[in-house]
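**Q** First the structure, which I've put down as structure tokens, then a few questions once you've had a look.
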């Protein structure tokens, strides 16, 4: 059956609605994965607003939302996910880092409380199912999509996902910080032999020394990991807001010269694995 991957938000840290971010996109992290007639949503950054409008247009009634973590750039679009406000729809929301912090429901409800947001989570009329797990767990989603997870190196924790179905595999690995010269074995194990890896490429190798402890990686490390793990294609993702279109074009050129399996994520980009 395979997957169709669509990118609705590719930026990290904060949304960038400017003329200098038009080519690659300014919305924060949100990736849609179509698996047959099922929908899997990876993160709920500002890009999920556009996805929600599309789901309403298509009268899609169900989806599963997997959160890498709950920093603002990955959940700030959730209160604007319009299908969640409509009855007769069902959304399963999952996270792997919040068991010790009250769980995913409490976290998402917290950002929708006064005085930070005008309407509470309870206003949403869809059937919302919240589930917490521990990073490292395995489970199966609707349509027989098998999920493996791994813990990532990020402040407050983050979870990487590998989706497998019908002999095709997709990995979503953001946000994570690597130690130069020491490949992350958890990431290598998760992505081994994958068809597609979406990887946190916020910085460059030259920029990383001044960003130690911030919880992000580089596009060069993404290439090194993917080549070592025999991955077919890397998507450079979670772009630094300071990397405007001109800089992103330079990164795209440098990355393709380093490895022809690397592409740079752009909003509205679609990749079929089937």
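Rule-based calculations on the coordinates, nothing more; no lab input. This one's a predicted model, so the numbers in the text were calculated from it and none came from an experiment. Please note: Cβ atoms are built from the backbone with ideal geometry, for glycine as well, and neighbour counts cover all protein chains shown.
**Q** Tell me the label-point distance for the pair residue 54, residue 85, using the 7 Å Cα-to-Cβ offset, in nm and rounded to one decimal.
**A** Distance between label points: 2.1 nm.
**Q** Follow-up. How far is helix 48-57 tilted, in degrees, relative to the longest principal axis of the Cα atoms in the chain, given as a value from 0 to 90 rounded to the nearest 10?
**A** 60 degrees
**Q** Most mobile of 19, 190, 121 per a Gaussian network model of the chain (Cα springs, under 10 Å)?
**A** 19
**Q** Two decimals, Cα atoms only, Kirkwood Rh: what is Rg/Rh over the stretch 35-90?
**A** Working: Rg = 10.8 Å, Rh = 11.4 Å.
With Rg and the Kirkwood Rh in hand, the quotient comes to 0.95.
**Q** Give the Debye-formula value of log10 I(q)/I(0) at each listed q (0.16 Å⁻¹), with one equal scatterer per alpha carbon of the stretch 122-200, two decimals each.
**A** Log-scaled intensity ratios, in q order: -0.66.
**Q** Quick one: among 18, 82, 156, which has the greatest mean-square fluctuation in a GNM of the chain with alpha-carbon springs under 10 angstrom?
**A** Of 18, 82, 156, the most mobile in the Gaussian network model is 18.
**Q** Going by average Cβ neighbours within 10 Å, how do the peptides 162-170, 3-11 rank, with the highest at the top? Display every interim value, and only then the final one.
**A** Numbers: 162-170: 19.9, 3-11: 23.8.
Going from most to least packed, we get 3-11, 162-170.
**Q** Compute the helix-to-body angle for 245-258: its Cα long axis versus the longest principal axis of the chain, expressed 0 to 90° and rounded to tens.
**A** 60 degrees
**Q** Could you tell me the center-to-center distance, by alpha carbons, between the stretch 218-273 and the stretch 29-96 in angstrom?
**A** Each part reduced to its Cα centre gives a spacing of 24 Å.
**Q** Now, a different point. Given springs between every Cα pair under 10 Å in a Gaussian network model of the chain, which of 255, 106, 158 has the largest fluctuation?
**A** Most flexible of the set in this elastic network: 106.
**Q** Can you work out D for the chain in µm² s⁻¹ from Stokes-Einstein, where Rh is the Kirkwood radius over C-alpha pairs, the temperature is 10 °C and the viscosity is 1.306 mPa s?
**A** Working: Rh = 18.5 Å.
Stokes-Einstein gives a translational diffusion coefficient of 86 µm²/s.
**Q** Something else about it: As a test of understanding, state the convex hull volume per residue of the stretch 1-129 from its alpha carbons, in Å³.
**A** Details: hull volume 15.2 nm³, N = 129.
Dividing the Cα hull volume of the stretch 1-129 by its residue count gives 118 Å³.
**Q** If you count the DSSP beta bridges with both ends in the stretch 3-273, what percent of them are antiparallel, to the nearest 5? Write down the numbers at each step before the final one.
**A** Details: 30 of 60 bridges.
The answer is about 50 percent antiparallel.
**Q** Averaged over all directions, how much area does the convex hull of the C-alpha atoms of the stretch 73-115 cover when projected, in nm²?
**A** Details: hull surface 15.2 nm².
That works out to 3.8 nm².
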